Amino acid sequence: MSNASARSSFAAGFLRTFIAPAVILAILYQAIVAAFGKNDYYMYVLTLSCMNVILATSLNLINGFTGQFSLGHAGFMAVGAYLAGSLTKFTHWPFVPALVVGAIGASLAGVLVGLPTLRLRGDYLAIATLGFGEIIRMLIIASDQIGLKFLEGPRGVMGITKYTSFGWAYLLAGISVWVLTNFIWSTHGRACVSVREDEVAAEAMGVNTTRYKVMAFCIGAGFAGLAGGLHAHFLQLLHPSSYDFLKSVDYLVMVVVGGMGSLTGCAVAAVFLTVFNEVLRRALELRMLIYAICLVIIMLTRPQGLLGGKEISLGAFKYLVPSYGRSRAGSGERGLT
Amino acid sequence: MALLEIEDLAINFGGLKAVSGFSMSLEKGDLRGLIGPNGAGKTTVFNMLTGVYRPDAGRVLLNGKDIIGLKPHQITALGMSRTFQNIRLFKGLSVLDNVRIALNLTASCGVVESVFRFPKYYSEEKRITDKAEELLDLFKLGDRKNALASSLPYGEQRRLEIARALATSPKVLLLDEPAAGMNPQESQELMGLIEWINKEFDLTILLIEHHMEVVMGVCRRIQVLDYGVTIADGAPDQIKRDPKVIEAYLGEEVRDA
């Protein structure tokens, strides 16, 4: 394949993951401002949405694409948050290197979880990863006893500098989705999906299933750690209760609602559920009830999730970008699910 | 030196001797049949050869290399591929992706190259896709490449499974009851296909089959298993007349007093 078409496909990828969602978000934001007036709170919700997009898409790599049922995503997020947060607060590191170290730390934790749980499947794996998430949280709560006094145990660390802006969150969400998309639409991504489809057959066809399961955990956990770092510098607070089991369930819900094995689906679901959750705050005590009922209705009407295994494509925009349709066909990016 | 040398393979499942003393030697280009009544241990032999089960005793040499204890994907990479008795396609994926996944072990682009879309990624994707399409065309599945594997009719699913196994570029191909559930006409076609693969790809094939006309038709030599023990080994005509084989399939002859 020539370099020219490689470049245009690269540009198309950039357009897909950065510009198109930005345009959609900008229009949404303007519509909300026009209807309700300007408010910092809207920016807060949008920033939170971006972080949830990172968490939902990375969890989808593990759960939806590789078929490894993980309930420990908040645990990986906590590793990233505490690492990045401590680095900027106690050692005065700049924001970006701290985020990177947080992500790397979380991805190492992902490998740690991936290796011993390789023999587990389905519900057994879910329970093991749930246990892992709780162990991380308990270690933080017990930090006084294990010689990490500066983590303040159950009291939490306050006064983290607010580095996370909407711009940072959006940029990193875009990068995450872009990296995950490129990973999934490659031979390595297909190998991960084959593990989900039939592990025995995948192994017999020469796919090193162990390697790909650990890889999925490593990459997925890394992005969860990145989102954790963003989260810590957004709330300006590190607290173990921010990373409990229910958080993992929240992200799982985003993946299931958006569609197991659909990156765009769970990204849309992440934004939608975050905003919806905030809108429901007006309903006070009834909030969680309405939220739960809506989830039940969605699952009854779309059990495969909003998008099932399909992806939203920029098909409608392809006439605006002459090279788009061609390059996509040429690079072999067809639906994988 | 034989391509696949199996010596005294044995495995027990909790006191049950599933297979014992199984030996076989396959030369390049052989087309060997493995038959026996239900539960004789034929699929168990396949599972031991491909690393799904670890045998309790015995040796398996593939191209002179001992493969006991290797993982299934390592054995596949060394050149032994298989199909399954109960078809195991990646059902939710397209026909093309089924074959492309089997080409994963030939891919030379790393994760970083793939994620950051280096030129190598594009050349590898193109090579893999072209190779997969070429195989699908050979198996007359080219026009179904975007269909879901589960949507194919039964016979085509069997063909796709063979195409997928061939994508790993095996030297030895193990076919586990490829004609199961096929009507006479389909099994006729399958016989032609197996003979054609044997010649076209210069491939060594070991075939488990219940359809006697298929095995007798294509295999030049047949080995018979009963209760995990080899009871006969020879040319199809010899096997047909072997009293032990007839006994295993039909029961002992009753002698009139």
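The values are calculated or read from the model by the stated rules, or taken from the named source; none is laboratory data. Keep in mind that this is a model prediction, so the values were computed, not measured. As a convention, Cβ positions derive from the backbone with ideal geometry for all residues, glycine included, and neighbour counts pool all protein chains shown.
Values as computed for the structure displayed
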quantity	calculated
Residue selected from the stretch A:165-197 under the condition of a type in the set (G, A, S) and not in a helix (DSSP H, G or I), by the criterion nearest to the other protein chains (Cβ to nearest Cβ)	A:S186
Whichever residue in the stretch B:202-231 is among the acidic types (D, E) and more than 18 Å from B:P243 (Cα to Cα) and, among such residues, is farthest from the chain's Cα centre (by Cα)	B:E213
Any pair with Cβ under 7 angstrom, 6 or more apart, that starts in the stretch B:35-61 at a residue that is closer than 22 Å to B:D226 by Cβ and ends at one that is among the small types (G, A, S) and part of a strand (DSSP E or B)	B:G41/B:A18; B:T44/B:A18; B:P55/B:A10; B:D56/B:A10; B:A57/B:A10; B:G58/B:A10
Of all residues making up the stretch B:44-78, the number that are surrounded by fewer than 19 Cβ atoms within 10 Å (Cβ to Cβ) and either of a type in the set (S, T, Y) or closer than 23 Å to B:R220 by Cβ (or both)	3
Yes/no for B:E186 being modelled with pLDDT under 90 and touching a helix residue (DSSP H, G or I) at 6+ places or on another chain (Cβ under 7 Å)	yes
Wholly within the stretch B:206-257, helices (runs of 4 or more DSSP H) carrying at least 1 residues that are modelled with pLDDT under 85	B:212-218, B:243-250
Pair list, Cβ under 7 Å, 6 or more apart: the stretch A:274-289 residue of a type in the set (A, V, I, L, M), other residue assigned to a helix (DSSP H, G or I)	A:V275/A:V45; A:V275/A:S49; A:L280/A:R287; A:L280/A:I290; A:L280/A:Y291; A:A283/A:I290
Residues located in the stretch B:81-135, provided they are assigned to a helix (DSSP H, G or I), within 28 Å of B:V52 (Cα to Cα) and within 7 Å of another protein chain (Cβ to nearest Cβ)	B:D97, B:R100, B:I101, B:A102, B:N104, B:L105, B:V111, B:I128
Residues located in the stretch B:139-165, provided they are surrounded by fewer than 16 Cβ atoms within 10 Å (Cβ to Cβ), in contact (Cβ under 8 Å) with a residue 12 or more places away in the chain and either assigned to a helix (DSSP H, G or I) or basic (K, R) (or both)	B:K140, B:S150, B:Y154
The stretch A:1-34, residues that are within 14 Å of chain B (Cβ to nearest Cβ) and either modelled with pLDDT of 80 or more or exposed (fewer than 12 other Cβ atoms within 10 Å of the Cβ) (or both)	A:S2, A:N3, A:A4
Of residues in the stretch A:203-214 being hydrophobic (A, V, I, L, M, F, W, C) and within 7 Å of chain B (Cβ to nearest Cβ), the one nearest to B:Y53 (Cα to Cα)	A:A204
The stretch B:172-203: number of residues that are in a loop (DSSP other than H, G, I, E, B) and surrounded by fewer than 18 Cβ atoms within 10 Å (Cβ to Cβ)	5
Qualifying residue in the stretch B:76-85 (condition: touching a residue at least 12 places away in the same chain (Cβ under 8 Å), over 20 Å from B:L166 (Cβ atoms) and within 18 Å of the chain's Cα centre (by Cα))	no
